[in-house]
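Working notes for the structure below.
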Amino acid sequence: MASLFSRLSGLDGKGYGAYKSITGRYDMGSMTLVIDRVQSDPYAPPSKFHVEVPNPTPELNPVPVCDHLARRVSEAFRGHRDLSIDAPGQEVLPTAACVDRGGTLHIRFFVHLPARGRRILGRTAAHLVCNDLPEAIEEALAGFAPQSAVKLYNQQEEMRAQLGDLVAFVADGAILPRATGTSPLPLASAIPFCSPASLRTNLAGVLGMGIPRGVTVIVGGGFHGKSTLLNALSLGVYNHTLADGREYAITNPTAVHVRAEDGRAVAGVDISEFISSLPTGADTTRFTTANASGSTSQAASVMEALEAGAEVLLIDEDTSATNFMIRDARMKKLVTAEPITPLVDRVRALWRDHGVSTIIVAGGSSAFIDVADTVIAMEDYQPHDVTEKARALAEDVDEQADFSSPQARVVTDLRVNHGKRKKRPQAKIKGEIRHGKDSVDISAVEQVVSGSQAAGIARALGWVEDHLDGHTTLAELASESADHTADLIHGSSHPGALVQPRALEVAFALSRHRGLKI
């Protein structure tokens, strides 16, 4: 470190490019500093550094260990404007910010090397890298005790594995509302969740509300917590950190939040279970469009979710196309030439024929209580089991026709306009991926939780582009490319800010790619 301090000090006043000479490994005594890549100029993305330290708890699950340490480093970096790390959100996911490689923790972060104009501030850099940085890392490691975080993570994994006949579970005492509409933090004044006695169950030692498999409808007045509950279930596919409030909101790991997406691209999807006999004569068994309507987009998303292996669909009427969801008796009499078969007429067949459960938030229509197995009413953010009351109001419905299995699409091409130079896909925000000169809109893929997870999906898309053989299904490509992202995260080099996505989200991004050919 004395050598590095001297080298940095000696660069004072030189052109910014001279910083590249410091790339390499440096012994810091109890840890090793590695300068992976130096930024090209003061206005470029910051330089990539990482520190290697022995894992003090090699016997523990590395995912929560690394997550916990990344959070501590983020706290230690506060106040240092030139030091940053890709801090985890409320979810605990594999992240490139910290990984265990053979019993050694690699803490990866970013350093903005200081300059005045385009001239190096060498002495400032020396103090930043050789004094401030080691002190911050030592602060994060001092008293590092991840046992509680690991215990919680393992408990959440155990609960998810024991769901059995349940599709989801919310513990008594959970805090589901968030502080604001844009904040992931819990609302301090929120009323703790309390399960109704009829749905109360014990899951791995925790009491709470179990939601059975089948068709579940969540009803209630406006602002009483219906969508808040659904959002908690949507993110319950991930484990959560301590004091999130939703630590024990646990959902089947294949659950998918589906919504309408006007204008999205659809490529070769069989939507004939919901839409057929279009006036245009378009083939709905291989439906393709560059500008889907609300109903066709939602029908496509449902079928894509089934194709990708989803066992649970989560749907909120507020973000759904009305004509995809329901069609009342008077409208059926008034309009006879209707190509859309609404979800309410197919949802029981989906459960009966394929074992796919559906949880639906419905505040404006009672149509789904006719086909529901369980009805939960939210009032003042508290759930009430009103299944028997709903059954007394329900009307008999005809047996629904068989629901055909979704076709497995084979990807033949992923066309990208790169211009003069090929660039790998990138994601700056969680709702958009830039691929060449094109953009993939994933803003409606509800379970992407951060820009870094979108970046993980972007790297997966790049892998797909380079590994097409014209014989592989979209679901297989999504799974293999998600594994590629995992390899990048755990690789020896600093990959930047990456968080592991599910293969499901990769499949949905592929399906929305306007260059996709089936």
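Before anything else, pin down the relative contact order of the stretch 444-518: Cα pairs under 8 Å, at least 6 apart, normalised by residue count, whole percent.
Reported relative contact order: 42 percent.
Based on alpha-carbon centroids, what's the gap between the stretch 305-334 and the stretch 452-518 in Å, whole number please?
Computed from Cα coordinates, the inter-centre distance equals 29 Å.
With a bin width of 10 angstrom, please list the P(r) values of the stretch 360-464 as percents of all Cα-Cα pairs, from the 0 bin to the one holding the largest distance.
Final binned percentages: 12, 24, 19, 20, 19, 6, 1.
For Lys422, give me every one of the lysines with a C-alpha distance below 27 angstrom, ignoring sequence neighbours fewer than eight places off in its own chain.
List returned: Lys20, Lys48, Lys430, Lys437, Lys517.
7 Å from Cα along Cα→Cβ at both Leu187 and Ala394: what's the point-to-point distance in nm?
So the label points at Leu187 and Ala394 sit 3.1 nm apart.
Just to check I understand the Karplus step: with θ = phi - 60° and J = 6.51 cos²θ - 1.76 cosθ + 1.60, what whole-Hz values come out for the stretch 225-230, glycine and proline as x?
Once θ is set to phi - 60°, the couplings for the stretch 225-230 become x, 5, 5, 4, 5, 4 Hz.
If one computes the Cα centroid of the stretch 1-63 and of the stretch 153-213, what distance in Å separates the two points?
The stretch 1-63 and the stretch 153-213 have Cα centres separated by 43 Å.
Can you list residues whose amide H is under 5 Å from Thr104's amide H, if they're 5+ apart or on another chain and H is modeled 1.01 Å from N?
Asn55
State the answer as a single residue: which of Ala503, Gly491, His513 lies farthest towards the positive end of the charge dipole of the stretch 428-514, with beta carbon charges of +1 for Lys and Arg and -1 for Asp and Glu, about the Cα centre.
Most positive-ward Cα: His513.
Among residues other than Ala372 whose Cβ falls under 11 Å from its Cβ, what is the net charge (Lys/Arg +1, Asp/Glu -1)?
Taking every other residue near Ala372 into account, the sum is 0.
What do you get when you divide the Cα radius of gyration of the stretch 453-502 by 2.2 N^0.38 Å, with N the number of residues?
1.11
Can you give the extra length, in nm with one decimal, that the chain gains between Ala161 and Ser21 once fully stretched, where that is 0.36 nm per residue apart less the Cα-Cα distance?
Difference between extended and current length: 45.4 nm.
State the extension gain, in nm to one decimal, for the chain segment bounded by Glu476 and Asp132, taking 0.36 nm per residue of separation less the distance between their alpha-carbons.
This chain segment gains 119.2 nm when fully extended.
Return the FRET efficiency for the residue pair Glu432, Asp262: r is the Cβ-Cβ distance, R0 is 22 Å, and the value is rounded to the nearest 0.05.
0.85
Give the percent of DSSP beta bridges with both residues in the chain that are antiparallel, rounded to the nearest 5.
Looking only at bridges with both residues in the chain, the antiparallel portion is about 75 percent.
Over all distinct Cα pairs, what is the inverse of the mean 1/r for the stretch 271-365, reported as the Kirkwood hydrodynamic radius in Å?
14.1
From the helices alone, meaning DSSP H stretches of at least four residues, give me the mean residue ellipticity at 222 nm for the chain, per-run term -39500 (n - 2.57), in deg cm²/dmol to the nearest 500.
Per the formula, -8500 deg cm²/dmol.
Write down the Å³ per residue value for the convex hull defined by the alpha carbon atoms of the stretch 475-518.
Measuring per residue, one finds 82 Å³ for the Cα hull of the stretch 475-518.
Under a 1.4 angstrom probe, counting protein chains only, how are Phe144, Phe274 ranked by accessible area, largest first?
Per-residue accessible area, sorted high to low, gives Phe144, Phe274.
For Leu278 and Ala142 in the same chain, what is the full-extension length gain: residue separation times 0.36 nm, less their Cα-Cα distance, in nm?
42.4 nm
Could you give me D for the stretch 62-103, from Stokes-Einstein at 10 °C and 1.306 mPa s, where the hydrodynamic radius is the Kirkwood radius over C-alpha pairs? Units µm² s⁻¹, please.
Here the translational diffusion coefficient equals 149 µm²/s.
Near Lys14, which aspartates and glutamates are there with a Cα under 18 Å away, not counting those fewer than 8 places off in the same chain?
Within reach: Asp41.
Report Rg(Cα)/(2.2 N^0.38 Å) for the chain, keeping two decimals.
Relative to the 2.2 N^0.38 Å estimate, the chain comes out at 1.08.
Taking H as built 1.01 Å from N, whose amide H comes closer than 5 Å to the amide H of Leu203, not counting residues under 5 places away?
Amide H to amide H, under 5 Å and 5 or more residues apart or across chains, Leu203 pairs with Gly208.
Find the all-direction average of the projected area of the Cα convex hull for the stretch 112-160, expressing the result in square nanometres with one decimal place.
So the Cα hull casts an average projection of 5.6 nm².
Give me the log10 of I(q) over I(0) for the stretch 146-304 at q = 0.11 Å⁻¹, as the Debye formula computes it from C-alpha points; what are the numbers?
-0.57
When the expected Rg is taken as 2.2 N^0.38 Å, what fraction or multiple of it is the alpha-carbon Rg of the stretch 113-228?
1.75
Pull up all non-local amide H partners of Glu338: gap of 5 or more, or a different chain, and H-to-H distance under 5 Å with H placed in the peptide plane.
Residues meeting the amide H criterion: none.
Note the angle between two axes, namely the Cα long axis of helix 62-76 and the longest principal axis of the Cα atoms of the chain, as a number of degrees from 0 to 90, rounded to the nearest 10.
60
The values are calculated or read from the model by the stated rules, or taken from the named source; none is laboratory data. Predicted model only: the values in this text are computed from it and were never measured. Here Cβ is always computed from backbone atoms with ideal geometry, including for glycine, and neighbour counts include all displayed protein chains. The area values use the complete protein model at the heavy-atom level, side chains included, leaving out ligands, DNA and RNA. Shrake-Rupley method; radii C 1.70, N 1.55, O 1.52, S 1.80 Å.
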